[in-house]
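A quick write-up on the structure given underneath.
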Amino acid sequence: MISLRNKFAACTAIAALGAVSLFAAETAPAAGAHRHGHMGAFLSSYLNLTPAQQAQEKTLFQSARESAKPVREQLKQTRQSLRAAVQANDTAQIQQLASAEGTEVGQLAAIRGNAMAKMYQILTPDQQQKLAQLRQAHRAARQARSAGAAN
């Protein structure tokens, strides 16, 4: 039986994941659909974003997705090549491709981070505080799950 505290931690974690998902600059899975639509809607509601803020957020993350698209495609190719190098036991190629993969993942993190920084600047101080509280709750729930899994 799940305790009330664990249920609260799980609900908090789900809510906080919504905060993180709004800021994700990953590609949409279907023709223009927002990958994290439900969580983005939750966060928009939770932070009480104005229509102007919502429009800015949408434009900002569409731009980030477009700039990340070639990097994601290259990363996909690099990972396929890495799998082939592993199967061929080509250690020199494995080392080179692993390094390239790390660089590409870093580029995606930078694109995502820049988009999140711009989005953060759109928020009012009250909204920034609410987001910080939500992230803290998510961090605490994640730590509680980690501690529970370690036992």
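Go through P70, P51 for me and flag whichever is of a type outside the set (D, E), modelled with pLDDT under 95 and exposed (fewer than 13 other Cβ atoms within 10 Å of the Cβ).
Numbers: P70 fails: modelled with pLDDT under 95.
It is P51.
One residue stands out among those in region 83-106 that are surrounded by fewer than 17 Cβ atoms within 10 Å (Cβ to Cβ) and touching a residue at least 24 places away in the same chain (Cβ under 8 Å): the one that is nearest to Q54 (Cα to Cα), which is V105. Given the structure, is I111 assigned to a helix (DSSP H, G or I), surrounded by 15 or more Cβ atoms within 10 Å (Cβ to Cβ) and either in contact with a strand residue (DSSP E or B) (Cβ under 6 Å, 6 or more places away or on another chain) or in contact (Cβ under 8 Å) with a residue 60 or more places away in the chain (or both)? In short, yes.
Applying the set (1) within 19 Å of F61 (Cα to Cα); (2) surrounded by 15 or more Cβ atoms within 10 Å (Cβ to Cβ); (3) among the small types (G, A, S) to A137 leaves exactly one unmet item: (1).
Considering each of L108, L131 in turn, give the residue that is within 29 Å of L47 (Cα to Cα) and either in contact with a Gly (Cβ under 6 Å, 6 or more places away or on another chain) or modelled with pLDDT under 95 (or both). Quick ask: steps written out before the conclusion?
On the way: L108 fails: either in contact with a Gly (Cβ under 6 Å, 6 or more places away or on another chain) or modelled with pLDDT under 95 (or both).
Unique residue meeting the criteria: L131.
Check whether at least one residue in region 25-37 is of a type in the set (S, T, N, Q), at pLDDT below 55, outside any loop (DSSP other than H, G, I, E, B) and surrounded by fewer than 18 Cβ atoms within 10 Å (Cβ to Cβ), and report yes or no. No, because not a single residue in region 25-37 is of a type in the set (S, T, N, Q), at pLDDT below 55, outside any loop (DSSP other than H, G, I, E, B) and surrounded by fewer than 18 Cβ atoms within 10 Å (Cβ to Cβ).
The values are calculated or read from the model by the stated rules, or taken from the named source; none is laboratory data. Quantities reported herein were computed from a predicted structural model and do not represent experimental measurements. Note that we place each Cβ from the backbone using ideal geometry, even for glycine, and neighbour counts take in every protein chain shown.
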